[in-house]
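J.: Take a look at this one; I'll ask things after.
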Amino acid sequence: MPGTHGAPLVEPVSLSEIYYDTDDLRLLLHGFTLRRVESDDDTGWYLTVPADTADALPTEIRWDDAEADDAGTLPGELAHYVQGVTHGAALTPAALLTIDRTRTRLRGPDGAVVAEIASDVVVAVGPRGTDDGLVWREIEVREGTVGPHPARTVARRFDDAGLQRSSSPSPLAHALSGGLAPAPDRTAGPRTARVLLSDYLSRQLDALTRADVAVRADPTASVHDLRVAARRFRSALQAYAPRLALDTAWHDHDGAWRSLVDELRWFGHTLGDARDVEVQQSRVHDHAADVPDVPDREQVAAAADRHFAALRDDAWAAVTDALTSQRYLTLRADLEGFTTALAAEPGDRKQRGALRASLCGLERTLDTRVRKARRARGRADRDAAVHRVRKTAKRLRYAIEVVEPLDPRHARRASKRLRALQDALGEYQDSVVAAGHVHAAADSADDFRDAFGLGMLFVDELARQDRLAHDLARRWRRARTATRAVSP
């Protein structure tokens, strides 16, 4: 195979894997697996996080026994990583898999492993397996140290040779396939308004779940993906729920979906401070380096760092508190309950008109808000008006994402134009926030040179806002033309 060198390394390996899950298999249903591996050359814990796209590979988080308080006992840290998936439910053994493996490693010219092929004979037994055990053979192709390309070449060759890809996302799913309800086939029926919204919300819930685990597992990770998934879910609900009569889709009382919107707004605001610190500290550093004639640039950047340090600690403490709160776990359970209930009621084609009506309503609202922003008197009034434009532009863009399957070409063009508008509006908002931060940092600066340099950054931010506001109407005209062409 191109890219390989020398004879492959072939060796037998014996191993056992104990999979953990909740009683109702929440990890498995969301595409996660948590297992303890004991083998000839590896002992430890593995959390597998599903990929975000069909052609991507899952992510594995390894926890060595040396890091555990009690070897062989599920580490509390791993249970914390998946708390948003399990909603805090206990994790217990779900199945035991014993595996006889033939492992083949392909090497590159420098001796590095470029791909690994594991040919396994698997026996599954355990608390939730079959009494007599389930036996099968599987082949798994894994990435080496040089990236995914050689592994994908091997996988394609297996496809060409006629090997069948497993329909199960993991060995545990295959072992417990008899105990899982089949996923509904949403491709066979009509693409009603409710089906489109349900599919979109399900994708955002999956994205929220992956981002939740990423933030819990890495305290330095960005909260951006977590915040965007929550915002997309909320915006889609706000755009379509009023016209699709979703008041009783989940709980049998009016306004049930509105409680989800309120809780998602709380969660987004909690994440907002942490995201602002991430963005703003980097922004101030860049501007301190780029704005002409700023004296003592490094000293000015250091003064900004001192300002953001306390804010960062407080913001991340709030994120941690939110992720571990019962309020958030209840929200996660409610989001899943709502999407499940919505999927069970596909509606009919007559509701498709509600999609167009919702888009037209958002477009008119955005058009009105752009005009008000242009007529705003005073900087504070303009800032507030542009912020309202930004929120409506996001909601319109996400609403178009929902209906993209009905008119892909026009929807993608409109999304691209709205994204350009949204980027400019986001830059305006970031500049407003940055101006507040550098003003506060200048007020608290002990050295007049720091205050002077930060003041120069403040003035530069105000000029930037003026330029962006002047260009707002032109950007919206381009986006509006593309938006009106979308025909759901």
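The values are calculated or read from the model by the stated rules, or taken from the named source; none is laboratory data. All of these numbers come straight from a predicted model, not from anything done at the bench. Glycine gets a Cβ as well: all are built from the backbone with ideal geometry, and neighbour counts include every protein chain shown. Ligands, DNA and RNA are stripped out before the accessible areas are found, and what is left, the full protein with its side chains, is counted by its heavy atoms. Shrake-Rupley method; radii C 1.70, N 1.55, O 1.52, S 1.80 Å.
J.: Glu38 fails exactly one of the following numbered conditions: (1) surrounded by 17 or more Cβ atoms within 10 Å (Cβ to Cβ); (2) outside any loop (DSSP other than H, G, I, E, B). What is the number of that condition?
T.: (1)
J.: Kindly indicate the residue of region 1-18 that is out of contact with any Pro (no Cβ under 8 Å at 6 or more places or on another chain) and open to solvent by less than 40 Å² (accessible area, probe 1.4 Å) and also nearest to Thr153 (Cα to Cα) among those meeting that condition.
T.: Among residues in region 1-18 that are out of contact with any Pro (no Cβ under 8 Å at 6 or more places or on another chain) and open to solvent by less than 40 Å² (accessible area, probe 1.4 Å), the one nearest to Thr153 (Cα to Cα) is Val13.
J.: Only one of (1) surrounded by 21 or more Cβ atoms within 10 Å (Cβ to Cβ); (2) closer than 28 Å to Val114 by Cα is not met by Asp21, so which one is it?
T.: Here Asp21 meets the rest and fails (2).
J.: Which ones in region 100-126 are closer than 19 Å to Thr33 by Cβ, open to solvent by 10 Å² or more (accessible area, probe 1.4 Å) and of a type in the set (Val, Ile, Thr)?
T.: If the condition is that a residue be closer than 19 Å to Thr33 by Cβ, open to solvent by 10 Å² or more (accessible area, probe 1.4 Å) and of a type in the set (Val, Ile, Thr), then Val123, Val125 are the ones that fit.
J.: Select, from Arg449, Arg413, Arg464, Arg419, the only residue that is free of Cβ contacts under 8 Å to residues at least 24 places away in the same chain, open to solvent by 40 Å² or more (accessible area, probe 1.4 Å) and not aliphatic (A, V, I, L, M).
T.: Step by step, each of Arg449, Arg413, Arg464, Arg419 is checked, and only Arg419 is free of Cβ contacts under 8 Å to residues at least 24 places away in the same chain, open to solvent by 40 Å² or more (accessible area, probe 1.4 Å) and not aliphatic (A, V, I, L, M).
J.: If we keep just the residues of region 296-350 that are touching a Pro at 6+ places or on another chain (Cβ under 9 Å) and in a helix (DSSP H, G or I), which is nearest to His80 (Cα to Cα)?
T.: Ranking the candidates gives Thr320 first.
J.: Moving to a separate point now. Which of the residues belonging to region 187-202 are at pLDDT 85 or above and either within 13 Å of Glu401 (Cβ to Cβ) or not β-branched (Val, Ile, Thr) (or both)? Write out each step before concluding.
T.: From region 187-202, those at pLDDT 85 or above are 192-202; that's our starting set.
Result: Ala193, Arg194, Leu196, Leu197, Ser198, Asp199, Tyr200, Leu201, Ser202.
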